[in-house]
Each structure stands twice: as structure tokens, then as C-alpha cells.
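The values are calculated or read from the model by the stated rules, or taken from the named source; none is laboratory data. The shown structure was predicted, so the numbers you read here are calculated from the model rather than taken from an experiment. So basically every Cβ, Gly included, is an ideal-geometry build from the backbone, and we count neighbours across all protein chains shown. Please note that ligands, DNA and RNA were not included when accessible areas were found on the heavy atoms of the full protein model with its side chains. Shrake-Rupley method; radii C 1.70, N 1.55, O 1.52, S 1.80 Å.
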Amino acid sequence: MMNTAEIEFLAEQEEVTIIPKFTDQRVVHLIAGDIGPFRAGIPCVVPIWVAKTLRKKQKCKIVAPEWLDIDLLELKLEEEKASRFFTQMPSEHYMGIAHLLLSDDSDIEHADRLRLAIKNIWDVRVAKARASADTFLRGGGRHAGIDYLTQLEICNLRPLLLDALDTKYRLSAPLENFSALNTSVAGSSSLSQSFSSASSSRRSQ
Amino acid sequence: MSWKMFRQFPQLLSGSVYSLTGNRLLDIGLCGIIASIIDLDHFYAARSFSLKAATSLDRRPPLHCTSFWLVLLSLALVSSKNINFYNVESGGNVVLDTITEAWVNEKLSPEILPHKADFIEVMMEQIDQMEENVLQLQKTDLRSIIHRQELERIRYLIRSYLRTRLDKIELYSLWVFKNQGVLSPQELVYLKEYLSLSVAPLKNLCDRMPGPCGQINPRQMEIAPDLETHVFAKSKVDLPDTIIVNDGPREEEITINKDSQRIVPYASIREYVRNNQIKLI
Amino acid sequence: MWGDKAIELIKELERSTEIFPPFDDDKIRLILEECRVLNQFIEDAMNSTFHPETNNYLAGVKARTAALERNKRCLLAYQWNRLQMLRKMRWEFGSILPVEIKANMSEGEVAWFAKYSKALANYMKGIGGRNGLNLMLDMQPPKDLYIEVRCLKDFGKLELDTGEVFYLSQNSQHYMPRSQVENLVRQGVLEHINWS
């Protein structure tokens, strides 16, 4: 299973434009690719995680991606509301990127209005996803098309829908097919889940 | 001497700190050839191809003058420090992308997928090399910070990937043993150790039971992943054949196009996931 | 009723509020005693002559065999689940478990844990380059190279890989490399202070 933090980790690899406040002619050969050279005032493209690190050290200004614009987002919202299916989003990680770039001390103008616009789109899409999940479950069938649904939305939907689908299948499938008495889903005992009751009780000592 | 030269010149020319050929044996061979080529200056100085003339020179031939090579070598070292400092083989991209995708697939699939140990090994080498390079920078240097952060990110990826696999190996140990082809050599060693140590406490308990029921029955103890679980999947290619979804008495055939996304039972796309034609999302 | 004690054993494990409840060998002994009685009946039945009307133990044997299997299943589930809990704790606490937990482990579990730790350590040494790869770090995606931490208890001197030395006394705050203090945060020695 994947959680929000892990999907955001992927979103951090997406590119963003920055305006550096320093000059360094040397290209930085990262394992993932080259970035730089950096010339103060001249926009260049780096992965979001680099942008955030530079920003924290006040070495650059982050520029909003083209699609992160109030008017465009409001149009998108209307488009999404009008469509029965999911529309294609300008970025696979639109929500994650918005979250990363529109934090409290963001360089981007009208960050709060942008956050609201994104949230509105998100709400419409998630509501649509839930409604179709409901229809899907009631209608039977074990497969469905979900084009243009983004990873974070899927992550939101996953625990609800897949579990229900799995249970439905188990209840209806003939018993002979089953070594299911001896099956288990890996997510339920994932090592990466923190043993929170253990650590909190230790801290209270 | 020619070994060092051999390493420095490609560095100057191509910006790669790795050997020109990427193969140690070939490196050694080429070193030998260069050393021999240097000796050709004997024939030049003697102005003749006769061995006798070449080996009875009264002065050292031009290419054998040590100072010449020392100067060249120092120039190479000095300039390599200034020009191409970050010597990382290109192609790190593909390896990183493969590992990233493998990580997501492994997190989302019910069973343990074919290992990517070769890619991991290559990436670990690149990480080690980069770490060495970075040590030469000042800690507060912006470039050092960015490099170190990237290294942490990649290490996280690899750790999380291997942990997820270990989780499945331990949970489904008996089942994985029957399907061990997907494991890396180190994982297989680990699985065998884990199996033998894990059966022990269970066996001890069973031994305390009277009569024949006290026998350990591996089939009873085996836990298998639920391959019929549903997953979200995205196809990377147009699939040549339709996939089949078993729905009770019905069988449905679905055509899968490139970039389409679907909810499907994992079992229907199992082979395609294992062959990297479909990825999980 | 046969199998009652076995179910109680499982319920006890599931309902326990402790992180790791003590190994209930007493209840296990009771269950095994029940098994012995069940098994005795079966053996006696096997050794006696069969008569469809007066000496028909078939149903009795079948029922008791099922009860034995049931008890066995519960016992194995009990032990297996406890081992899974210990597995999780290895990842949470490392190879040295807190005293309270160790006190509740059976001898078999202590031995198992030691072997499990060793097998894991061997695996980690064998992967990833020169020094192996410690899989217990980076449990969450890394956000920053350095993090602000507050020390929750007196820990004393901490020397990092880099040679830097920190003196961790209770309530002191430090700006330290995340990867090197992750363990201490997990163990509750340090607390991550979130600025953003």
C-alpha cells in the first residue's frame, strides 16, 4: 500500500521553474540528471525537492507552473463538474505539487486562493470517485476503467474500494477456488507502519 | 603510471570517472596496450624497425622522459578538479526510473515481484561513487547539500523497496519458497534461514501435542498472497492480447490500450506486471 | 466444550492492552491436557473392535479429531501471531528489546528473536556495496537533510559519523542531520520539532 507521504515523495521529483538568486556556472550532475548552470535572475528548471531546498536557503524564487492559475483552475472546475468521467489534469501530481508549492511562505501570489481552487477541484473529483465506486460495487463486475484518475486520488479511494471489492469477491466465489482460508494481504502487517502504541508508552516513562 | 594516465584522460575528455570501457579486464588489457605503444618511441628514436637498433639507444627516447608524463598527469589532475568534478556515468536515469517503478509496483502488488538486484547493485555503486566525490566539497557548499539530499532520497527508495520485499518474504515464506525464482541470491539465503528459524517454535509447540495430529503439516501452515485481490493498474503498452477477468461463471475479455487505467483483479494482469508491461498505481 | 480454552487463548492475545502480553504457558498446558484426553479416546477407539451398532466410535473419533485439529490451529495461530508482533518490534526497537517486553517472552521466543535478528543482520550486510545497507533507517521519505530536535532525556555524548560531537542533555535542542538521529527519534530519546 502507498500512503500520502510516499506519493508526495514522487511528486517532489516533478520539475518546476525557479529564478535563482545566485550565479554558479558549474552544471550539477545529479544521479537523476543534470541541473544548472545557475544565473541570477534567469529562470531554470529543477526538480521540486531541489527548488524547496534552495528556497529554504533563500537562494531562489519558485515560479508557479502554468496551470497553477486562478482563471485556468476555475475553468477546469467547471469542466470537471460538467463531465461524467474524470477529465485529464494538467499534471499527474496536481494535488501534491499544489501542496508542496503553496505552503504558508510560498513565493506564489494568491497562494490561498489557489489552494482553495485546487481543493474545489479535488473535492469534485473525489466525490465523483466515491459515487462511481458505489455504483461499481452495487453493479457487480470486477473491473472498471478509471482513466485520468491521479495517484493521490487513487490512494484516497483505495482502502475503501479495493477492500470492498475483495470481500465481495470472496463472499461470492465458490469455496473450492480457495486457499483463501490461508491468504493474507501484505499491507496488514507492513513493516513500515509505525508501532505507535509502543513508542508512545515508552515516551511516557 | 599508464594506469593512472588511462584513468585521467578519459576523465578529461568524457567527464566520466569510470573507466573508458566499463570493464576492468578490458581496462587492464588497454593499459598493457598503451604501455606497449609508449615503447614504440624506441623505434622512432632509432629511426629503424630493427629490434637491435631499438634496444641499443644511447639516450632515452622522447616518450620515456618521466618529466613529460608527470607534467601531463598533473595537468590532467588539476584540470579534472576544475572542469568535470561530478563524474557520474550518464544512464543513471534509466536505472533510477526502473527502481522507482519497481518500488511502486512492489508496494502495491499482493505477491513478491521479480527482483531488480542488478539495478540495485549498479545504483549502489553510483551512490558510493557520488558520496566519495561529495566528501571533497565543503559541507556548507550548496552543491554538497543538494547532492547529499539526492543521495538520501535514493537510499530511502532502495531501503523501502527492499523492506517491502522482506515483509512479503517473511509473511508468505513457505509460498515464496515454492516460487523462489523471483528472489535475489541474498534474499534466497535469507528466506532459507528465516524458514528454518521460524518453523522451530511452531514445531516445538506441535511436538507437545499427543498423537499423530502433532505432526507439522506445511500445507496447513502455508500462507499465500491473495492473487485475486483487486488493484489499480496502468498499461505502458497496447497489449497484443485481451486480458481475461473471471467473474464467477462468466469470463470477460478486455482490450487494454497504452496509458489506459483500470481496476482489475491482480490475477488477470499478473504476467504483464511481472514483465513490466503494466504498472500498478 | 472442546476448543473453548483454545479460543480464550486467542482472544486473550487479541484483547490485550499490553504491547506484548506474557506467554500464557498455563493455558497452553490446559489445552494440551484437553488434547491428551481427546487423543486417548481416539487411541482407545482404534484399539477396540468395531461393531456398527454397539461399538461404533466413528462419529466420536471424527468429532474429536476435528477438535484436536482446532486446538492445534489455535495454538499455532497464537504462537505465529506473537512471532509477528516480535517481528514488528525488531523493526521498531532494533535488536535489543526493552526489558518489559523481554520479560513476557517465552524461552522459545527469545531464541527465535536472537536468530531472527542475526539473519536480518546478515542479509543487510550482504546487500548494497561495501558496508551493507542498514534497512532500519529511512522509514519515512526524507524531507530535509537536517532537522531540529529536542532531547527528551539525558543521553550524553553522541558522536556522528562526521566526527561532530553533540551533548544530548534533557531539554537541549539541536540542529542535526536527520539520517543520523532517526534511530534516536524512534526510540524516544529525541523529539522532532516541526517548524514548517
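The distance separating the Cα centre of the stretch C:76-142 from that of the stretch A:107-155 comes to 39 Å. Counting only the Cα atoms, the stretch B:230-280 fills a convex hull of 63 Å³ per residue. Interface between chains A and B: roughly 5100 Å² of accessible area buried, both sides summed (probe 1.4 Å, protein heavy atoms only).
An oblate overall shape is assigned to the stretch B:121-164, the ratio a/c of its alpha-carbon gyration tensor axes (a ≥ b ≥ c) being 1.5 or greater and a/b not exceeding b/c. For the stretch B:161-183, backbone nitrogen atoms closer than 17 Å to the point 7 Å from B:VAL199 Cα along Cα-to-C-beta are found at B:170-180.
Just to be sure I understand the interface: list residues from the stretch C:61-79 that lose 20 Å² or more of accessible area between the chain on its own and the complete protein assembly, 1.4 Å probe. Residues shielded by partner chains are C:LEU68, C:GLU69, C:LYS72, C:ARG73, C:LEU75, C:LEU76, C:GLN79. At a Förster radius of 45 Å, what calculated FRET efficiency corresponds to the Cβ-Cβ distance of A:LYS57 and C:GLU18, to the nearest 0.05? After rounding, the FRET efficiency stands at 0.45.
Per-residue packing, averaged as other Cβ atoms within 10 Å, sorts the ranges A:29-35, A:70-76 into the order A:29-35, A:70-76, beginning with the highest.
Summarising the label geometry, the points placed 7 Å from Cα in the beta-carbon direction at B:ASN179 and C:LYS115 lie 2.6 nm from one another. Solvent exposure of the stretch B:92-221 amounts to 38 Å² per residue of accessible area, where only protein heavy atoms count and the probe is 1.4 Å. Among B:149-157, B:174-182, sorting by the average number of other beta carbon atoms lying within 10 angstrom of each residue, highest first, gives B:149-157, B:174-182.
Summary value for the stretch B:92-221: 27 percent relative contact order, contacts being C-alpha pairs under 8 angstrom separated by 6+ residues.
Probing with 1.4 Å while keeping every protein chain in the model, the per residue accessible area of the stretch C:11-59 equals 70 Å². Each chain gives up part of its surface: C and A jointly bury about 1800 Å² of accessible area, both sides summed, for a 1.4 Å probe.
The residues of the stretch A:65-172 expose on average 53 square angstrom of accessible surface per residue, using a 1.4 Å probe on protein heavy atoms. Summarised in one figure, the compactness ratio Rg/Rh of the stretch B:92-221, Cα atoms and Kirkwood Rh, is 1.17. Applying the criteria of a DSSP loop state and at most 12 other Cβ atoms within 10 Å to the GluC sites (Glu not before Pro) of the stretch C:2-39 yields C:GLU18.
The mean number of Cβ atoms from other chains found within 10 Å of a Cβ in peptide C:118-126 is 5, as a whole number.
Partner shielding of B:154-165 amounts to 6, given as the average count of beta-carbon atoms from other chains within 10 Å of each residue beta-carbon.
Measuring heavy-atom accessible area with a 1.4 angstrom probe and counting protein chains only, the residues of the stretch B:186-200 that give up at least 20 Å² relative to the chain alone are B:GLN186, B:TYR190, B:GLU193, B:TYR194, B:LEU197.
Above 21 Å, the calculated P(r) of chain C contains 68 percent of its Cα-Cα pairs. Applying both filters, DSSP loop and at most 14 other Cβ atoms within 10 Å, to the chymotrypsin sites (Phe, Trp or Tyr not before Pro) of the stretch C:95-196 gives C:TRP195. For the stretch A:90-168, GluC sites (Glu not before Pro) are listed when DSSP marks them as loop and at most 13 other Cβ atoms sit within 10 Å of their Cβ; the list is A:GLU109. Taking every residue in B:135-148 and counting other chain Cβ atoms within 10 Å of its Cβ, the average works out to 3.
In square angstrom and rounded to 100, what buried accessible area do you get between chains C and B, total over both, with the probe at 1.4 Å? Interface area, both chains combined: 4100 Å², rounded to the nearest 100.
Per atom type, chain C shows carbon and sulfur on 52% of its accessible surface, probed at 1.4 Å.
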